[in-house]
Structure formats: C-alpha cells, structure tokens
1. Give just the number: which of (1) surrounded by 20 or more Cβ atoms within 10 Å (Cβ to Cβ); (2) within 10 Å of chain B (Cβ to nearest Cβ) does A:Phe298 not satisfy?
2. Return yes when B:Val112 is under 20 Å from the mean Cα position of the chain (by Cα), closer than 23 Å to B:Leu148 by Cβ, in the same structural domain as B:Trp211 (by TED's automatic domain parsing) and assigned to a helix (DSSP H, G or I) and no when it is not.
3. Only one of B:Tyr282, B:Tyr276 is out of contact with any strand residue (DSSP E or B) (no Cβ under 8 Å at 6 or more places or on another chain), modelled with pLDDT of 90 or more and of a type outside the set (A, V, I, L, M, F, W, C); which?
4. Quick one: which helices (runs of 4 or more DSSP H) lie wholly within segment A:23-71 and hold at least 2 residues that are at the interface with chain B (Cβ under 7 Å from one of its Cβ atoms) and either of a type in the set (Phe, Trp, Tyr) or under 17 Å from B:Tyr129 (Cα atoms) (or both)?
5. With the structure loaded, tell me whether B:Tyr95 is in contact (Cβ under 8 Å) with a residue 24 or more places away in the chain, at the interface with another protein chain (Cβ under 7 Å from one of its Cβ atoms) and outside any helix (DSSP H, G or I) or whether it fails that test.
6. Could you tell me which of the residues A:Leu262, A:Leu251, A:Leu310, A:Leu303 is touching a residue at least 40 places away in the same chain (Cβ under 8 Å), more than 11 Å from chain B (Cβ to nearest Cβ) and surrounded by fewer than 17 Cβ atoms within 10 Å (Cβ to Cβ)?
7. What is the number of the single condition among (1) away from chain B (no Cβ under 13 Å); (2) under 21 Å from the mean Cα position of the chain (by Cα); (3) farther than 18 Å from A:Asn264 by Cβ that A:Tyr91 does not meet?
8. Out of (1) touching a helix residue (DSSP H, G or I) at 6+ places or on another chain (Cβ under 9 Å); (2) in a helix (DSSP H, G or I); (3) within 12 Å of chain A (Cβ to nearest Cβ), what's the single condition that is false for B:Val74?
Amino acid sequence: MDTALVPQAGIPHKKKKNKYRKYAPLLIMMVPGLLYLLFNNYLPMLGIAIAFKKINFAKGLLESDWVAFENFKYLFKTSDAFIITRNTILYNLLFIVVGTFLSFACAILLNEIKNKAVLKFYQSIITLPHLISMVIVSYLVYALLSADTGFMNHTVLPWFGMKDGISWYTEEKYWPWILTLVHFWKSVGYSSIVFFAALLGIDEEYYEAARLDGASRLQQIRHITLPILTPVIIMLTLLSIGRIFYSDFGLFYQVPMNSGALFNTTATIDTYVFKGLMGSGDIGMSAAAGVYQSIVGFLLVMLANYIVRLYSKDSALF
Amino acid sequence: MKNESRGLTLFSHIMMFLFAVFCIVPFVLLISASLTDQNDIIAHGYSFIPQTFSTSAYEYLYERGAEITRAYGVTIFVTVVGTVLGLAITTLLAYPLSRSVTPHRNLIMFIVFFTMLFQGGLVPSYLVYTQIFDIKNTIWALIIPGLLMNGFYVMLMRTFFQSTIPGALIESAQMDGAGEYRTLWSIVLPLSTPILATIGLFECIMYWNDWQLGMIYITNPKLFSIQNLLNRIMQDIDFINTNLSSNASDVMQQMPTDSVKMAIAVIGVLPILVAYPFFQKYFIKGIMIGAVKG
C-alpha cells in the first residue's frame, strides 16, 4: 500500500528491467536480421572512408595512406565524371518521363478491357519481360543486332536496301535508342500493372454518375481517371527522381556487352564503379565515384521526399 | 456513345495485342534461332522461321551436359537456400517490429529504414565481404551479399502483420500461455501466407536471375550459376569447348557456334517460361501489393 502512495525511485527502473526480460524473445528474434544489416549495410557505409585513401592491397586497407580528396580530384579531372553523370541523369529522365506516360497509357487500355480472361492473358504476357534476367536479355538483343548473324543486318536492313549492315556493337550513336527500347520492353508492362492497381481503386460510382450525365468514355478518362491518379503519378515520379543517380546496372552493362567503343553513350555511374572494381579501371576513382553517387543520391532522396511531403504526407516515404 | 465506347475497347484490344506481340517476339527469335542449322545462320542470319531445321545445337549441348547440369544445381541450391534463409530472417525482424510492446521499436525501425535511403555502394561492400569474411569463391558469395534481406521487404511484411493480424488474437494466444515464438509460428504465420508467398516469389526470382554476385565474387567455373555460365559463353564461346568437353578429341569436333549460343540461352530461360503460367497470378498480385504499400 505504501508503494502505491509514495512513488519510489527504484520502481520504474525495475519495471524497465522486467520489460526487457519479458520481451527478450522479441529482441532475440531480431538479432539475425540486425546482424545482417550491420555487416551488409552499415559496415559498407563506414567503408566510404576508403574513397579518401590510396588503396594498397599489399599494405592492407587500414594501413593504406590517407590522401584526402586526391581520388575525387582525379575523377573530376577526367571527362569520365561528366560523361557518366550526364548519361545516368539523361537516361533516367527519359525513362521517367516517357516511361510514366507509356505505362499510364497502357494501364488505361488495360482498364478498358472487360473480358477477365483476356485481361489476365495480356497482363501475364506484358509482365513476362520483367521476369527475365539481363543476361538473357543481352542474348535476345544479340540475336537481333549481331553484326554477322543478327536479324537486323540480315533481314530488316536489306528491306530498306541497306546491304552492308551496321556494326551495332561499335557504333555509339544508336545506343541511346537501343537501350531506351530495351528498357521499355522490360519495364512498361510491369509498371503499367502498378498504375492499373491504382485504377482498380477508383470507386465505380464516379463513372456511374458521369455516365448518367452523358460523359463519353474518353471524357470519363480525362475528367475522372486522370485527376484522381495525378497525385499517384506525381509521387511515383518524385520518388524516381530521388533515385536518378542510380541506374539499372544490368541494362547498361550486359546489353551493350561491355563494349568499350560504346563508353560515351552507355557508361553510367554504376557501370563505371563496377569496371573500376573489376580491374579494368582505377579502384580509387571507382570508390570515389561510388561515394559521389551515394551522397548525391541520398540528398536527392531526401529532397524528393520533402517535396512529396508538401503534397501529401501519406504518400511520402517518411 | 455506345459506338465510341466500343471503338475504345477495340482500340485497347489492338494496342494491347501489339504490345503483347512486341514482348513475345524476341523469345520466338531466340527459340527459332537455336533450332536453325549452322550453315543457314551463316548465310541468312538468325531468323524467325528456320529454313533448315536442326537440333544439332541441343545435341551438342547434351553431349556436354555435365557443366550445364552443375550450373543448374548451383542456381537451384542458391535459390532455395537463399529464399528460405531470407524469408526467415525477414520474418523474424518484421514480426517484433509489428508489435507495439517491443522495446526500442522506433529506433530499430529507423535502423532498418535508413538502409533504404543510404547505401555504402559496391566498392565498400566488396571490401567488407572479401577482406573481413573472405567469401570469394564460396557458395555463400552467391547467397549472402545484398540479396538475403532488404529493408523494403521488412517494411512490407511489418505493414502486413500490423494491418491484417488483430492485436487481440495475439493477446489471447499469449493469455493461453503461448510464447512469442509459438505465437509467431502457429498464429501469425498461418494468417500471413499471402505476404510470405509474394516476398518468397520475388526473392526466388532475384536469386534465379542474379549474375552480378557471381561475376564479382566467383572465378571458379565449378561454382558458376546458370546465369554466370551464360555470361561467360557470351563473352567467349570457346569457353564451352575448353571447359565443357570431357576429353580433348571433343574439342576437334565442329561446334555449331551460333545456334549453340542461342540454344544455351533457351536452356537458361526455359524453366522460367514453363513455370510462369503457374505463378503469374502471384507475380502480378505481388507487383500490386508492392505498388500499393510501397
């Protein structure tokens, strides 16, 4: 009875200890996952420090000399830094703008198809490319573009009277088109399903009411579907802008077959970092490019999220 | 008005049909090319209809099947072990995060979430895995780095637990004396099959398709997954001769190079094409769940 009347200093502490004991199983459950995050995610974050070192495997990582911003200086002195940044950003912008339009259009078309079986069929076919690894995709592209045996050079170009064929894997000017086409082939079906899911969420009553007022299908799309989905589109776009410093590594590495002649139009920050690490480049500069990507990427995610929050708190990441 | 609506439906059908054809056509070319006679390919290139039908590429690969079988073994092992382990640690982390009683829940949420915002990048994680864990040329290199668990799936699963498992249910189970593990195993998990199936499927696909880990960490051809094998053969078709032949005289045998390339890609993609009809429902549902919750 005393303890109920007079709060004692020891009690909250004891309570806390009990809480830990009581919920210990919950805490223990999380150990494997948290350990994994520690080694897989947090240690590499600390590892960013190596971008400020002259990496020397003979000396070991810890013993390697600090060189401050030397690696970054080298990186930005070359034209590489400009090219990979430009490519990464321009490809992403193109993918975001045109891709959003195509996927949205595709979702609207899907929504017009009322026959359930046919709809399912289309959905499964157009999402299939998303399921295939980039290695396989590079084979598919090779079958079309190979200089000696490709379908383009042997069959399509002769239709247009071009007998010589094009050496696709050494001509950089075609690659912005090729990569864009491949990207859309692989991703439009997939992301149209994302929009389609949002379309399914629209209350049928709106359309009902519009039909009663004599609105045509197109008017319904224009005045009901579009305005309702605009916030979703804006959110998704802003979030992908937040990831504009990251590229689909497989697309830019596998599909051009890692061809050096195509560097100008196919190199992105990710392929640059990878090639640096795999020995065909400078590991210091590669680490520097990675840090540059991590930090600018992080700032962009925060900025994009901030803007999303201004529109709608629910759609923001945090 | 009726006409206009019918016109739009027809237009949708035509456009979707064309789009579907566009998605399928490359696969047709691949399969057809793998069944074309080598001399035909040299004369006319890869084409949609083989002029001279030939299965010699597949016969050739069949004779040298050991390495392909092994690569499949590696891929299947990695996919199964990776998916099971990944699902397990994802669930074990997501479940306590869904319980309001877990001490320091918000801090841990932040720890998970922050990994989605900021990444150390490839070079530091390569150094962590090779210098600290010495993972190079072990099967674990294909399972652990990057793919095993990610913050997004943890958040997805946590949201599912929170929104579909009634708190009262968990409470009553624990009143009846069930511990946390018991509750998770016999109450929560049976009610969570949709999210387990979705995340499991996506992890499976991720592991099955991964070629990057093999390229970074594996140099021993015995540990090549099917994707890595494909990758190597694309870079160097002779790889097939020097590494896949059982004895030296085989190397002399003429290889239908161009159709073999396509045939091996068909072998690489066929399991997915065959299995797809059975899991496409979950795949599409999964995309939608990711879209709505993410």
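1. Answer for A:Phe298: the failing condition is (1).
2. Values: under 20 Å from the mean Cα position of the chain (by Cα): no; closer than 23 Å to B:Leu148 by Cβ: yes; in the same structural domain as B:Trp211 (by TED's automatic domain parsing): yes; assigned to a helix (DSSP H, G or I): yes.
No.
3. Working: B:Tyr282 fails: modelled with pLDDT of 90 or more.
None of the others qualify; the one that does is B:Tyr276.
4. On the way: elements: A:24-29, A:31-37, A:43-46.
Output list reads A:31-37, A:43-46.
5. Numbers: in contact (Cβ under 8 Å) with a residue 24 or more places away in the chain: yes; at the interface with another protein chain (Cβ under 7 Å from one of its Cβ atoms): yes; outside any helix (DSSP H, G or I): no.
The answer is no for B:Tyr95.
6. Values: A:Leu262 fails: surrounded by fewer than 17 Cβ atoms within 10 Å (Cβ to Cβ); A:Leu251 fails: surrounded by fewer than 17 Cβ atoms within 10 Å (Cβ to Cβ); A:Leu310 fails: touching a residue at least 40 places away in the same chain (Cβ under 8 Å).
Just one listed residue meets the conditions, A:Leu303.
7. So the condition that A:Tyr91 fails would be (3).
8. (3)
The values are calculated or read from the model by the stated rules, or taken from the named source; none is laboratory data. Fair warning: this is a prediction, and the values are worked out from it, not measured in the lab. Neighbour counts run over all protein chains shown; Cβ positions are idealised from the backbone, glycine included.
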